[in-house]
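This report refers to the structure that appears directly beneath it.
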Amino acid sequence: MGKAVREGVKRGRNINRQARLFWGGVLLAGLFLALFMHSAKALTL
């Protein structure tokens, strides 16, 4: 029983890490996009 729980926790942590990497990348991409749009607006003005 304990072993199965431990395995589940380990698997959950791995999924968590992947999700964190994914969301970190999404946030970074959004930030870069916002900066790019801002600078593009500044250049066109």
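How much length would be gained if the chain were fully extended between E7 and W23, taking 0.36 nm per residue of separation minus their Cα-Cα distance, in nm to one decimal?
Numbers: separation 16, 0.36 × 16 = 5.76 nm, distance 2.43 nm.
Net length gain for the segment: 3.3 nm.
Relative to the longest principal axis of the Cα atoms of the chain, the long axis of helix 2-44 lies at roughly 0 degrees. Summarised as an ellipsoid, the chain has semi-axes of 43, 4, 4 Å, derived from the eigenvalues of the Cα gyration tensor scaled by 5 and square-rooted, with the largest first.
Coordinate-derived values only; no laboratory data. No experiment lies behind these values; they were computed from the predicted model shown.
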